[in-house]
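One structure below.
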Amino acid sequence: MHIRGDHAELVVGGRLDVRSAADARTVLHSALDSGRGDLVLDLTELDSWDATGLGVIMGAHRRAGRSGRRLVLRGVPDRMQRLLVATRLHRILAIEGGIGVEAGESLPRV
């Protein structure tokens, strides 16, 4: 996993999983604590995430809210969009451009 950027925008790449969660959490918290306004997480380079990685994202979302900021996800890969829809987290998280659901396609049941 790699993260590059600053307190306003971070690009996350590789795998966000149990092995990289602690490092990712540290970087996200530091960016949230040192900036103002929205923190954009660009996920276009993210290969995969597991439940722990998703937990890091949700923890950063909560921390952003407590500090008067907003965590915005950008470039969420399709397979990860499906997980956000299945877990209904797409209703909680700010996702740039929203989640695309094809006309006539039903949302997965949880």
Exercise. Go through Thr26, Thr52 and list them by solvent-accessible area, largest first, probe radius 1.4 Å.
Key: Thr26, Thr52
Quiz prompt | Distance in nm between pseudo-label sites at Asp33 and Ala51 (7 Å out along the Cβ direction from Cα) | solution = 2.8
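Just the ratio, please: alpha-carbon radius of gyration of the chain over 2.2 N^0.38 Å, N its number of residues. Before the final figure, lay out the partial values.
Values: Rg = 13.5 Å, N = 110, 2.2 N^0.38 = 13.1 Å.
Relative to the rule-of-thumb radius for its length, the chain sits at 1.03.
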Exercise. Express the carbon and sulfur contribution to the solvent-accessible surface of the chain as a percent, rounded to the nearest whole number, probe 1.4 angstrom.
Key: 48
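Can you tell me the order of 88-94, 43-49 when each peptide is scored by its average per-residue count of other Cβ atoms within 10 angstrom, highest first?
On the way: 88-94: 14.9, 43-49: 17.3.
With the highest mean Cβ count within 10 Å placed first, the list reads 43-49, 88-94.
For the chain, what does -39500 (n - 2.57) per DSSP helix run (n ≥ 4), summed and divided by total residues, give at 222 nm, in deg cm²/dmol to the nearest 500? Mind showing how you got there, number by number?
Values: 3 runs with 39 residues, N = 110.
Value at 222 nm, helices only: -11000 deg cm²/dmol.
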Quiz prompt | Nearest-0.05 FRET efficiency for His7 and Glu96, computed from C-beta distance (R0 25 Å) | solution = 0.90
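About the Cα centre of the chain, what is the dipole size in debye to 20, counting +1 per Lys and Arg Cβ and -1 per Asp and Glu Cβ, all else neutral?
Values: 16 positive and 14 negative charges, 105 e Å.
Taking the Cα centre of the chain as origin, the dipole is about 500 debye.
The values are calculated or read from the model by the stated rules, or taken from the named source; none is laboratory data. Model, not experiment: these values are computed from the prediction. Cβ sites come from the backbone with ideal geometry, for glycine too, and all protein chains shown count toward neighbours. Ligands, DNA and RNA are excluded from the accessible area calculation, which covers all protein heavy atoms including side chains. Shrake-Rupley method; radii C 1.70, N 1.55, O 1.52, S 1.80 Å.
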